[in-house]
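Step one of this worksheet: look at the structure below.
Taken together, the values in this text are just the output of simple stated rules run on the coordinates, not laboratory data. Keep in mind that what you see is a predicted model, and the values were worked out from it rather than measured. Cβ placement follows ideal geometry from the backbone for every residue including glycine, while neighbour counts extend to all protein chains displayed.
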Amino acid sequence: MPGKPRLRRGVRLTFDKVRDTHVLLFPEGVLVPNATAAAVLELCDGASDVDQIAARLGTRFRGVRAEDVTDVLARFEDRRVVEWT
Amino acid sequence: MDVTVEPPLGMLAELTHRCPLHCPYCSNPVELAAKRDELTTEQWLAVIEAARDLGVLQVHLSGGEPLLRPDLPELVSRASDLGCYVNLVTSGLGLTKPRLTDLAERGLAHVQLSVQGADAARADLIAGAKAHARKIDAAAVVHEVGLPLSVNVVLHRANHDQVGALIALAEQLGADRLELANTQYYGWALRNRTALMPTPGQLAAAEPIVRAAVERLRGRMEIVYVVADYYEKYPKPCMYGWGARQLTVAPNGDVLPCPAASVITTLPVENVRSRPLAEIWYESESFNAFRGEDWMRDPCRTCDFRARDFGGCRCQAFMLTGDASATDPVCSRSPDRSVVDGILAAEDAAVRSGGVPEFVMRTPTVVR
Ligand SMILES: C[S@@+](CC[C@H](N)C(=O)[O-])C[C@H]1O[C@@H](n2cnc3c(N)ncnc32)[C@H](O)[C@@H]1O
Ligand code: SF4
Ligand code: SF4
C-alpha cells in the first residue's frame, strides 16, 4: 500500500444528529459510512499508515486486520474521498 | 401517498438575483426578484437553522451573485457552525483575498467558480461585462487561501468549439473539478434557446475531446460532462426525484423543489415567511405533487426506467407540453417527443438560413 491515507481536500467527516450517523460531506454529495468505515476514516490523518490504523482500531474493535482497513480505504478511494500521501 | 419522505440533503440558497454579469444562458427566472423583496439577514439565518433541523447537510450559497450580499460572512458562519458543508457558487466578481480568507475562517468548504469562455474576448462577450480577467484573479485567490475549487462552464453554441481550451484553462486555474454543463433551458436560457442550442456537429466534435481529457486527468482533475438533453434518447434523472434530496430557497423566500419550478404555474408556491420549512418539505402540495410514482402516467407508469430517471424533468414537461405530470418530452418513448424534434429542426433551419437571433442579455426587469 502506497503510504498514508487521508481525506481528500474538500472532504469533511462529521456526525449528523438528525440522522444519528456519521456523514462524509464533499462538493458532489453526501455519503453515509457504516460504523466501521467511519472509525477507519476518523483515523486517516495523513500521518498513520494502514498497520498503525489497524492497531489503533484493534483497541476498540476485536479482530481488526490490516486487509479490512485496506478494503475500506480502497472503496473510499474509488469514491474520491480518500487519497494517499 | 405510499412514499417515505426522507429528509433533504441539500439546500440551494439563492441569496439574491442581483448580478454584475448578463449571461444570456442564465437559468434564473426572467422575472428577477428585486432587492427590496429579498429576505433579510435574520430571515436567512432562520432559514439556515430550519434547514439544518430538517436534515440539510449541504448549503450552496448562490444567486445571482451571492457576494453582493454584505451579510454573506454571517450566513457562512451560521451554516458551518451548525455542521453544514458550505459551498459558494460565484461568478468570482468581488472575490478578494481578504474576503475569501474571512469566509474560509468562518468555515466555507468549497468554491464553485463560473467561467464563460476560454479567453477574455469570448468570455466577456457572453458575460456582457469585462469579467474574465477578474475570474482568473479569483481562481488564484481560491488557490492562495487553500480552498478546493470547482470550475463551472455552461456550454452552448457560442462557446462549444472552445471545449478543449476550456479544459486547459481549468487545469491552469488549478481546479480540482470541472463541470462542463450543456445549457439547461430554463429562465433566460429558454428565452435564448435558438441562439444557444449547439449543433449536432459541435456536440460530436466535443465528445472525443472530453473523453480523452477525462482519461488524461484522472486522479488530478475530475471532469463532469452534462449532456445536451434535447439530443438524448432518455431524459435526465432530474433532481434525483422531485422533493427527494434538495430544496431551493429563492431570494424572496419562495421554497421550490427545484430552481426552475416557479415555471409550473399550476402549483401553489410556498414561502418561508408564511410556513415553516419542515412543513413545506413534508406536507406541502407542491413538494408532494411528483414524489414517488403515483403521479406517473403512461408510458412512465409501467416503464422499466422509471426508478432510474423518475420520468425526467417536471419543469421541462410543463414548459413543452403544458402538463407537469407528462413524460419529459425529451424521452423517445414520450408521445410528445415530436415537440423536441420540432424545436431541433426549427433551430437547425435557423442556423442554415443564417437566421440565428442575437442573444437577449440578462437584465433586471424594470420595476414600475
Ligand atoms: C445561476 S448561477 C449563480 C451563481 C453565479 N452567478 C455563477 O454564475 O456562478 C449558478 C450556477 O448555475 C450555472 N448555470 C447558470 N445557468 C445555467 C443553465 N442554463 N444551465 C446549466 N447551468 C447553468 C452557473 O454556471 C453556475 O455554476
Ligand atoms: S449565470 Fe451569469 S448572469 Fe446568471 S447569476 Fe451567474 S453570473 Fe449572473
Ligand atoms: S417513459 Fe418515462 S420512465 Fe421511461 S425512460 Fe421515458 S421518461 Fe423515463
| Interchain or long-range residues, amide H under 5 Å from residue B:270's placed H | B:255
| field | segment B:250-368, dipole about Cα centre (Lys/Arg Cβ +1, Asp/Glu Cβ -1), debye to the nearest 20 | value | 200 debye
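Rounded, prolate or oblate: which fits segment B:157-223, taking a ≥ b ≥ c as square roots of the Cα gyration tensor eigenvalues, rounded meaning a/c under 1.5, else prolate when a/b beats b/c?
Numbers: a/c = 2.58, a/b = 1.77, b/c = 1.46.
Prolate, since a/c reaches 1.5 and a/b exceeds b/c.
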| request: Take the Cα of residue B:282, step 7 Å along the line toward its Cβ, and report every residue of segment B:2-17 whose backbone nitrogen sits under 19 Å from that point. | output: B:2-11
| Highest-MSF residue in chain B out of B:246, B:116, B:172 [GNM, Cα springs under 10 Å] | B:172
| query | Given H placed 1.01 Å from N in the peptide plane, which residues other than close sequence neighbours of residue A:16 have an amide H under 5 Å from its amide H? | reply | A:21, A:22, A:23
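What number comes out for the charge environment of residue B:176, summing +1 per Lys or Arg and -1 per Asp or Glu over other residues with Cβ under 9 Å away?
Working: positive: A:8, A:9, B:177, B:220; negative: B:222.
Neighbour charge sum, excluding residue B:176 itself: +3.
Give, to the nearest whole percent, the P(r) tail of the protein assembly as shown beyond 43 angstrom, counting all Cα pairs.
Numbers: 13717 of 102378 pairs.
Tail of the P(r) past 43 Å holds 13 percent of the pairs.
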| request: Provide the percentage of antiparallel DSSP beta bridges, counting only those with both residues in segment B:10-231; round to the nearest 5. | output: 0 percent
| segment B:3-75 - Debye-derived log10 I(q)/I(0), Cα point model, q = 0.17, 0.18, 0.24, 0.27 Å⁻¹ | -0.71, -0.77, -1.13, -1.28
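Tell me, in nm to one decimal, what length is gained between residue B:211 and residue B:233 on full extension, where the rule is 0.36 nm per residue of separation less the Cα-Cα distance?
On the way: separation 22, 0.36 × 22 = 7.92 nm, distance 1.98 nm.
Gain in length upon complete extension: 5.9 nm.
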| request: With 5 Å bins from zero, work out the P(r) of segment A:5-80 over every alpha carbon pair and list the percent per bin. | output: 3, 16, 29, 24, 18, 9, 2
| task | Describe numerically, in nm with one decimal, the distance between label points set 7 Å from Cα along Cα→Cβ at residue A:56 and at residue B:143. | result | 3.3 nm
| Over the Cα atoms of segment B:75-197, what Rg and Dmax result, in angstrom? | 15.2, 45
| note | Karplus ³J(HN,Hα) for segment B:195-208 (6.51 cos²θ - 1.76 cosθ + 1.60, θ = phi - 60°; Hz, whole; x = Gly/Pro) runs 6, 9, 4, x, 7, x, x, 5, 5, 5, 5, 6, 4, x
| Per the Cauchy relation, a quarter of the hull surface: what is the mean projected area of the convex hull of the alpha carbons in chain B, in nm²? | 18.2 nm²
| For chain B, modelled as a Gaussian network with Cα springs under 10 Å, which listed residue fluctuates most, B:198, B:66, B:98? | B:98
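After finding the eigenvalues of the alpha carbon gyration tensor for segment B:186-344, what semi-axes result from the square roots of 5 times each, listed largest first in whole Å?
29, 20, 17
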| field | Built amide H within the under 5 Å cut-off of residue B:85, gap 5+ | value | B:58, B:59
